[in-house]
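The values are calculated or read from the model by the stated rules, or taken from the named source; none is laboratory data. Note that the coordinates shown come from a computational prediction; the quantities given were computed from them, not determined experimentally. Heads up, the Cβs are rebuilt from the backbone with ideal geometry, glycines too, and the neighbour counts pull from every protein chain shown. To get the accessible areas, we keep the full protein, side chains included, count just its heavy atoms, and leave off ligands, DNA and RNA. Shrake-Rupley method; radii C 1.70, N 1.55, O 1.52, S 1.80 Å.
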Amino acid sequence: MMEEEPQGAPPPEQRAKQYHRIHLKLSLCRFALSFAFLLVIIFSGASLSLRQAVQSIGYNPWFVVGLYGLSFSLLVELLFLPFSYYSGYAVEHRFRLSTQSRRAWLRERGKGIGLSLLLGLLMLEVFYGIIRKYPRGWWLPVAGVFVFIFIILARLAPVVFLPIFFKLKELEGEELMRRLKALAERAGTEVRGIYEMDLSRKSKTVNAALAGWGKTRRLILSDTLLQNFTPEEIETVIAHELGHQVGHHTWKMMALQTVTMGLSLFLCERGLRKTIPLFPFQGVDDVAGLPLVILIMSLLGLVFLPLINAYSRHLERRADRFSPGNTESPGFFISTMEKLAELNLADKSPHPVVEFLFYSHPSISKRITDAKRIFK
Ligand SMILES: [Zn+2]
């Protein structure tokens with residue numbers, strides 16, 4: 001897995017290719033290993049033993065699901081820690097993208113694990129609570145409650161979750177604010193708030209996003225973007241984000257994800273009905289069958305991933321088209337894209353298959369060609 005340190009200083013495009021090749025290999029390895037791990041824990045009877053061990057402490061179903069879920073998650077986290085470290089810390093440092101110390105990385109990782117445990121356990125309790133109540137046809141209420149939870153989380157994200165990892169402050173600079181307000185006006189929308197995020201504390205990469213909805217909807221720009229881009233380029237980035245806002249892209253994406261999740265849960269219910277009796281599990285509501293649920297859901301997730309990515313790329317193209325139209329010249333769009341590629345070490349022209357399967361945004365080369373074609 002460890003690759004040789006590149007000799008000399010390869011050209012940026014080659015470095016970007018190398019960087020993405022490593023991450024792709026790591027992701028594929030991680031997926032294969034997770035798959036193997038789930039099979040082992042199901043077929044060896046380890047999952048059953050874990051549930052029995054939990055039951056030796058207490059029989060309350062909420063308790064059993066909670067403690068099983070906690071132990072299972074910690075086991076997985078521990079097993080995959082070397083992977084997380086290598087891909088999240090070592091590779092980022094090797095390609096000089098990270099500005100984080102090892103201690104800071106570990107602290108962040110701890111916070112991430114804490115938060116995902118909290119949310120994961122909540123979803124798990126909901127999932128098994130509903131299955132116990134509706135042993136057949138549980139997929140529909142589960143999908144309904146999950147969508148409700150996701151909508152609430154999306155609303156809370158910029159004000160509750162993001163501040164756990166970043167410091168956010170309102171964007172300073174009167175001139176820039178004036179420009180951006182004028183831009184929003186031209187776009188026929190309003191900016192509720194523009195915030196600066198201290199990404200530079202962790203990384204040299206740049207980022208911008210539209211987050212939240214209703215009162216929490218806001219544009220968030222990384223300080224690295226503000227430091228490295230000209231006002232015209234920042235305008236281009238904001239115009240793209242406004243394109244998402246005007247086109248209601250967050251809701252459209254959420255709608256597609258609702259459909260694919262509902263379909264996955266429906267197929268998972270059918271799958272479990274057929275497979276659970278083949279194992280010594282007590283029924284679908286037996287939490288010892290959780291690895292089987294994860295296995296089925298991840299395989300279905302893999303099937304739907306290209307569809308979700310294709311739709312996301314479509315929305316990104318729409319936002320891009322919205323963007324140069326609102327700024328003076330496509331020249332700014334192109335220089336923004338070039339800078340983005342350079343700072344984020346993006347692979348400007350990935351293999352078409354890789355782009356089709358895994359890319360949520362069109363490749364930089366396609367985005368530039370598109371802009372040249374449309375905004376001559
Ligand atoms: Zn976008």
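A few notes on this one:
- Exactly one residue among 260, 205 is touching a residue at least 12 places away in the same chain (Cβ under 8 Å) and either open to solvent by 40 Å² or more (accessible area, probe 1.4 Å) or away from the ligand (no atom under 16 Å from the Cβ) (or both), and that residue is 260.
- Pairs where the first residue, in the stretch 91-115, is within 25 Å of residue 21 (Cβ to Cβ) and the second is buried (at least 16 other Cβ atoms within 10 Å of the Cβ) and acidic (Asp, Glu), C-beta under 9 Å, 6+ apart: 98/92; 100/92; 100/108; 105/92
- Some residue of the stretch 213-223 being in the same structural domain as residue 173 (by TED's automatic domain parsing), touching a residue at least 60 places away in the same chain (Cβ under 8 Å), outside any loop (DSSP other than H, G, I, E, B) and within 16 Å of the ligand (Cβ to nearest atom): yes
- Residues in the stretch 292-321 that are more than 11 Å from the ligand (Cβ to nearest atom), hydrophobic (A, V, I, L, M, F, W, C) and more than 20 Å from residue 30 (Cα to Cα): 307, 308, 310.
- From the list 312, 360, the one residue that fits, being over 30 Å from residue 136 (Cβ atoms) and open to solvent by less than 30 Å² (accessible area, probe 1.4 Å), is 312.
- Test: residue in the stretch 232-240 that is touching a residue at least 40 places away in the same chain (Cβ under 8 Å), more than 16 Å from the ligand (Cβ to nearest atom) and over 28 Å from residue 88 (Cα atoms): yes
- Qualifying residues in the stretch 134-159 (those that are open to solvent by less than 40 Å² (accessible area, probe 1.4 Å) and of a type in the set (Gly, Ala, Ser)) - the one farthest from residue 201 (Cα to Cα): 137
- Tally, over the stretch 170-190, of residues that are open to solvent by 30 Å² or more (accessible area, probe 1.4 Å) and either in contact with a helix residue (DSSP H, G or I) (Cβ under 6 Å, 6 or more places away or on another chain) or at negative phi (or both): 13
- Taken over the stretch 158-212, the residue count meeting the criterion of being of a type in the set (D, E, K, R) and part of a helix (DSSP H, G or I) is 8.
- With a requirement of 1 or more residues that are under 23 Å from the mean Cα position of the chain (by Cα), the helices (runs of 4 or more DSSP H) lying completely within the stretch 33-115 that satisfy it span 61-79, 81-85, 91-94.
- Residue under evaluation residue 289, criteria (1) part of a helix (DSSP H, G or I); (2) within 15 Å of the ligand (Cβ to nearest atom); (3) crowded, with 21+ Cβ neighbours inside 10 Å, criterion not met: (2)
- Residue count for the stretch 331-376 under the criterion of being within 14 Å of the ligand (Cβ to nearest atom), of a type in the set (Ser, Thr, Tyr) and either assigned to a helix (DSSP H, G or I) or over 29 Å from residue 26 (Cα atoms) (or both): the result is 1.
- Just one of the listed residues (226, 210, 162) is surrounded by 14 or more Cβ atoms within 10 Å (Cβ to Cβ) and either without any contact (Cβ under 8 Å) to a residue 12 or more places away in the chain or under 19 Å from residue 320 (Cα atoms) (or both), namely 210.
- Cβ pairs under 8 Å, 6+ apart, first in the stretch 287-300 and in the same structural domain as residue 129 (by TED's automatic domain parsing), second among the polar types (S, T, N, Q) and outside any helix (DSSP H, G or I): 288/282
- Unmet criterion (only one of (1) in a helix (DSSP H, G or I); (2) at pLDDT 95 or above; (3) touching a helix residue (DSSP H, G or I) at 6+ places or on another chain (Cβ under 8 Å)) for residue 313: (3)
- Per the listing 108, 125, 92, the residue uniquely open to solvent by less than 60 Å² (accessible area, probe 1.4 Å), among the acidic types (Asp, Glu) and in contact with a strand residue (DSSP E or B) (Cβ under 8 Å, 6 or more places away or on another chain) is 92.
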